[in-house]
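S.K.: Once you've had a glance at the structure underneath, I'll fire off some questions.
The values are calculated or read from the model by the stated rules, or taken from the named source; none is laboratory data. All of these numbers come straight from a predicted model, not from anything done at the bench. Cβ: placed from backbone, ideal geometry, glycine included. Neighbour counts: every protein chain shown.
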Protein chains: 2
Amino acid sequence: MPSRPTPPPGEFLYLLAADQEDFLAACEDLLPADIAEGLNDLPTEAGVRVLAALPFDLAVQVVDESLLEKRDHLFEQLPDHVAIPLIQAMSADQQVGLFRELRESDRARLLHVLDAPTRNQLKLLMSYPRQSAGGLMTTEFVSVPDTWTALDVRLHVAREGSGKETVYAIYVHDQEQRLERVLSLREVVMADSQTLVTRIGDGRKPVTVGPTVDREEVARTISKYNLLAIPVVDDVNHVLGIVTVDDVIDALVSEQTEDVQKFGGMAAIEESYLDIGFLRMVRKRAGWLSALFLGEMLTATAMGHFEHEISRAVVLALFIPLIISSGGNSGSQATSLIIRALALNEVTLADWWRVAVRELPAGLTLGGILGVIGLIRVETWQRFGWYDYGPHHGLVALTVALALIGVVLFGSLAGSMLPFVLRRAGFDPASASAPFVATLVDVTGLIIYFTVGYIVLRGTLL
Amino acid sequence: MPSRPTPPPGEFLYLLAADQEDFLAACEDLLPADIAEGLNDLPTEAGVRVLAALPFDLAVQVVDESLLEKRDHLFEQLPDHVAIPLIQAMSADQQVGLFRELRESDRARLLHVLDAPTRNQLKLLMSYPRQSAGGLMTTEFVSVPDTWTALDVRLHVAREGSGKETVYAIYVHDQEQRLERVLSLREVVMADSQTLVTRIGDGRKPVTVGPTVDREEVARTISKYNLLAIPVVDDVNHVLGIVTVDDVIDALVSEQTEDVQKFGGMAAIEESYLDIGFLRMVRKRAGWLSALFLGEMLTATAMGHFEHEISRAVVLALFIPLIISSGGNSGSQATSLIIRALALNEVTLADWWRVAVRELPAGLTLGGILGVIGLIRVETWQRFGWYDYGPHHGLVALTVALALIGVVLFGSLAGSMLPFVLRRAGFDPASASAPFVATLVDVTGLIIYFTVGYIVLRGTLL
């Protein structure tokens, strides 16, 4: 366990009610993230009182924490003379986050009382899509002209550093404000005082992203090049803002949650499980569940076509769940492999046929393994008298084994191709959820099973 | 798209074969991560030639890249006079990574020729579990005594900074080498030259982790406090090493891959999809698939008990796939929600009953919705003559509807409780894969369905 405990919920409130001084003393040893977490457990009115009682600098850090939930509710209730200075002191990316959460009416009201530069910047940043580099970026970065020396930069950082999101990446621009190179503070600290910034570092072209690049791509780039921040530039290489590594981690964690939930077959839920309203949660789940149910109804239709066969050979019905679930399982394996490979860029759209060429023998092998197990299962039960599959038990076992090979092969192919089809059609491949694949494979699985049965058992059972 | 293209595979090799000078010129504008990615696409022998031809400093950065695959194969083939200096110049955490990958024989051989300090440190670091803070940490950090001034630290960083993993977090220790506080380089640069380090910063207790803390917990702590690095300390607060944010991102991405694959019902695969050997991939998939298949065999046993009912009312068989898959889908939704909530600490083990209390009405509501749709389906088909469910179609529809409520309720409860059970038993809750839950729910779903059928249809169809 990490050594910093989270304050027990309510501690703040208790201290605040008891004695203002005790309260401030208690806060002194807490980090902003701890206070934010503590606030999450308090009712809004109590949170508002805590925020108003905190020293201003600490309050700014607390509202700047992305893990602070219901920030919008807090700001809706804070008096303007507390709220406005806090908002103006927040970092630009968190301002944007807050204004996106606020109700329309509060947004208009608060925007109106902000000073003009903050307001204009906010409007600009909010014009970018929420999950893009532009929507994640902040505008407080260190930018210096290419005529400066290392000493100039050090003095600048010492003077202006406190207002910047990060001072560890320093952006050098030319006379037309175009990004020329990116230095690390380490390089600047290690350089001789009189060295020109254009002579520091390795002089390689900086890694940048455009404002419309998706957050997953931003995360991938930051992580690939081990950056602490990445500049977001326009067409002519002006730096619009920077995305820092901590925002990327937050984005990765949200993306992960979204992927797991999508893969579990439901709409993504941003709120935490115990906080989300009951009706909202049911709605998020009912949509997908009903859609899958409607798809799965095709199995009833398919089964209807085989009612005659089932009534003649009830023994066939016994293996239906076993066979269709094997198809679903192999499909879910294949789809999870390919979703991840696509997300990590290990596989691109153009590789679909390479994947198909691998899944074909993989599906046959896996189906063969299950087929043999299935064959042994039927014959063993028959031999030891644990169940009587009738006089044609050998043919029944053969039907089960052949159907398993066909169904698992189909499951592997369908499961691996579906993410490609989804991405090609412009959807997130992660929507190829396990339940979706299973539904797709169930209907086909039944048709494969009964077709195999018809061929093998014709003239005997059927 | 980010502005840095990856070099086309083979470019290196082509240039290297053509002209050594062209090759080095081409490498000059590439970042180490790009070169590492380029190497991933080359056969090992060619990669070895490229590594040996690169300028030493650049080669060190390349082998220090965690995205370099098959690093072990490269080092197995590199001549010792190239390999040894490279290893000694790598950062400690990447040395550990490399030695964990190497074959036993190569590991012993290379360990033997390393200098004693490197060897001893490596042995110590390798004694920590791979996915723990100790297994991720590096030992190149900036540590200064509490008697120094800001200027002392700045000079120290300027002198020694290049050999450190990060210089942005500075660890201040007392006379007994115990960690006293952590400063950021920003604070040090902004402080007056003569200020003592003990008077810089806010003086709050540093955030630390123990060496055995799991990497997910390390990632959570770094991300919560927006740190660039976290110190790993022993019982008496000596700093053993630090884990940096880029390692945490790598860990998060691996964890994400592992979770998606586990959730898809297979053993985690570290290699990229197109690189892993065919047999190895099939083995990873066959294990889980066979286990699920053996579990699913219980459905055949359960169905066997109802063979008599099926032969009397074949119409019941038609809805088997529809009903059991609905249970699987609702279970998979619930389990994905709870896995994520547990991973994010939104829900703890002690909250299991809160979850159960939410899933009970949620399962009933969702089951009710599907039940109504199912009822309408059967009656509509009957009414319009699209299918004939016999004279007791109303009772059949009722059976389907009631079974759906029961199965979805059971699926939601089982799916939400399984992650708790797994964590309680010491397993990763993410092992509660969609296929695992579906298998669990299938058997019970059949029993619920036929029991409901027996009650509703007794005296008519049965």
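S.K.: How many residues are more than 8 Å from chain B (Cβ to nearest Cβ) and buried (at least 22 other Cβ atoms within 10 Å of the Cβ) if we restrict to the range A:362-371?
M.R.: 3
S.K.: Further question on the same structure: Taking into account only those residues within the range B:312-327 that are facing chain A (nearest Cβ under 7 Å) and in a helix (DSSP H, G or I), which is surrounded by the fewest Cβ atoms within 10 Å (Cβ to Cβ)?
M.R.: Here is the first cut: in the range B:312-327, the ones facing chain A (nearest Cβ under 7 Å) are B:314, B:317-322, B:324-326.
Checking the rest, the ones that are also in a helix (DSSP H, G or I) come to B:314, B:317, B:320-322, B:324-326.
Numbers: B:Val314: 21, B:Ala317: 23, B:Ile320: 27, B:Pro321: 26, B:Leu322: 25, B:Ile324: 30, B:Ser325: 29, B:Ser326: 29.
It comes out as B:Val314.
S.K.: Which of the residues that make up the range B:189-207 are in a helix (DSSP H, G or I) and either more than 8 Å from chain A (Cβ to nearest Cβ) or under 30 Å from B:Pro429 (Cβ atoms) (or both)?
M.R.: If the condition is that a residue be in a helix (DSSP H, G or I) and either more than 8 Å from chain A (Cβ to nearest Cβ) or under 30 Å from B:Pro429 (Cβ atoms) (or both), then B:Val197, B:Thr198, B:Arg199 are the ones that fit.
S.K.: Counting just the residues of the range B:159-183 that are surrounded by 19 or more Cβ atoms within 10 Å (Cβ to Cβ) and hydroxyl-bearing (Ser, Thr, Tyr), which one comes out nearest to the chain's Cα centre (by Cα)?
M.R.: B:Thr166
S.K.: Could you list, in sequence order, all residues of the range B:272-292 that are in contact (Cβ under 8 Å) with a residue 12 or more places away in the chain and more than 7 Å from chain A (Cβ to nearest Cβ)? Reasoning before the result, please.
M.R.: Within the range B:272-292, the subset in contact (Cβ under 8 Å) with a residue 12 or more places away in the chain is B:272, B:275, B:281, B:284-285, B:287-289, B:292.
B:Asp275, B:Lys284, B:Gly287, B:Trp288 - these are the residues of the range B:272-292 that are in contact (Cβ under 8 Å) with a residue 12 or more places away in the chain and more than 7 Å from chain A (Cβ to nearest Cβ).
S.K.: So, one more: Test A:Ala334 against the stated conditions and say whether it is surrounded by fewer than 24 Cβ atoms within 10 Å (Cβ to Cβ) and more than 7 Å from chain B (Cβ to nearest Cβ).
M.R.: no
S.K.: Looking only at the range B:293-311, which residues are more than 15 Å from B:Thr451 (Cα to Cα) and within 7 Å of another protein chain (Cβ to nearest Cβ)?
M.R.: B:Phe293, B:Glu296, B:Met297, B:Ala300, B:Ser311
S.K.: May I ask you to list the residues in the range B:339-377 that are closer than 20 Å to A:Phe263 by Cβ and among the basic types (Lys, Arg)?
M.R.: The one that is closer than 20 Å to A:Phe263 by Cβ and among the basic types (Lys, Arg): B:Arg340.
S.K.: From the list A:Val400, A:Val441, A:Val456, exactly one residue is touching a Gly at 6+ places or on another chain (Cβ under 7 Å), over 30 Å from A:Glu258 (Cβ atoms) and in a helix (DSSP H, G or I). Which is it?
M.R.: Matching residue, one of A:Val400, A:Val441, A:Val456: A:Val400.
S.K.: Among the residues of the range A:401-416, is any at pLDDT below 90 and of a type in the set (Phe, Trp, Tyr)?
M.R.: Looking through the range A:401-416, none of the residues is at pLDDT below 90 and of a type in the set (Phe, Trp, Tyr).
Yes or no, residue by residue, for (1) farther than 18 Å from A:Gly47 by Cβ; (2) hydrophobic (A, V, I, L, M, F, W, C):
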| residue | (1), (2) |
| --- | --- |
| A:Arg71 | no, no |
| A:His81 | no, no |
| A:Met90 | no, yes |
| A:Leu125 | yes, yes |
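S.K.: When you check A:Leu155 against the structure, is it surrounded by 20 or more Cβ atoms within 10 Å (Cβ to Cβ) and either farther than 27 Å from B:Glu160 by Cβ or without any contact (Cβ under 8 Å) to a residue 12 or more places away in the chain (or both), yes or no?
M.R.: Criteria not met by A:Leu155.
S.K.: Hey, another quick one. Give the residue that is modelled with the lowest pLDDT, with candidates limited to residues of the range A:345-361 that are in a loop (DSSP other than H, G, I, E, B) and more than 7 Å from chain B (Cβ to nearest Cβ).
M.R.: Just the residues of the range A:345-361 that are in a loop (DSSP other than H, G, I, E, B), to begin with: A:345-348.
Within this subset, residues satisfying the condition of being more than 7 Å from chain B (Cβ to nearest Cβ) are A:345, A:348.
Numbers: A:Asn345: 79, A:Thr348: 88.
Taking the candidates together, the pick is A:Asn345.
S.K.: Could you tell me whether A:Gly374 is more than 9 Å from chain B (Cβ to nearest Cβ) and either in contact with a His (Cβ under 7 Å, 6 or more places away or on another chain) or of a type outside the set (Phe, Trp, Tyr) (or both)?
M.R.: no
S.K.: Just to verify a result, which residue in the range A:216-233, among those that are touching a Pro at 6+ places or on another chain (Cβ under 7 Å) and modelled with pLDDT of 95 or more, is farthest from B:Ala33 (Cα to Cα)?
M.R.: The selected residue is A:Val232.
S.K.: For residues that are buried (at least 18 other Cβ atoms within 10 Å of the Cβ) and in contact (Cβ under 8 Å) with a residue 12 or more places away in the chain, scanning just the range A:342-354, find the one that is farthest from the chain's Cα centre (by Cα).
M.R.: A:Trp352
S.K.: Another question about this same structure. Checking A:Gly415 against (1) assigned to a helix (DSSP H, G or I); (2) closer than 24 Å to A:Arg458 by Cβ; (3) of a type outside the set (Lys, Arg), which test does it fail?
M.R.: Condition (2) is where A:Gly415 drops out.
S.K.: What number goes with the only condition from (1) closer than 30 Å to B:Val172 by Cβ; (2) among the aliphatic types (A, V, I, L, M); (3) modelled with pLDDT of 85 or more; (4) not in a strand (DSSP E or B) that B:Leu279 does not pass?
M.R.: Of the numbered conditions (1) closer than 30 Å to B:Val172 by Cβ; (2) among the aliphatic types (A, V, I, L, M); (3) modelled with pLDDT of 85 or more; (4) not in a strand (DSSP E or B), the odd one out for B:Leu279 is (1).
S.K.: Of all residues in the range A:208-229, which are outside any helix (DSSP H, G or I) and more than 8 Å from every other protein chain (Cβ to nearest Cβ)?
M.R.: In the first step, residues of the range A:208-229 are kept if they are outside any helix (DSSP H, G or I); the result is A:208-214, A:225-229.
Scanning the range A:208-229 gives A:Pro211, A:Thr212, A:Asp214, A:Leu227, A:Ala229.
S.K.: Ok, one more. Can you report the number of residues in the range B:377-391 which are at pLDDT below 90, more than 8 Å from chain A (Cβ to nearest Cβ) and surrounded by 16 or more Cβ atoms within 10 Å (Cβ to Cβ)?
M.R.: So the answer is 1.
S.K.: Just for the range A:232-251: of the residues that are touching a Ser or Thr at 6+ places or on another chain (Cβ under 8 Å) and more than 10 Å from chain B (Cβ to nearest Cβ), which one is surrounded by the fewest Cβ atoms within 10 Å (Cβ to Cβ)?
M.R.: Result: A:Leu240.
S.K.: State all residues of the range B:141-188 that are in contact with an Asp or Glu (Cβ under 9 Å, 6 or more places away or on another chain), away from every other protein chain (no Cβ under 11 Å) and of a type in the set (D, E, K, R); if no residue qualifies, say none.
M.R.: Hits for the range B:141-188 are B:Asp146, B:Asp174, B:Glu180, B:Arg181.
S.K.: Answer with yes or no whether A:Val188 is at pLDDT 95 or above and surrounded by 15 or more Cβ atoms within 10 Å (Cβ to Cβ).
M.R.: no
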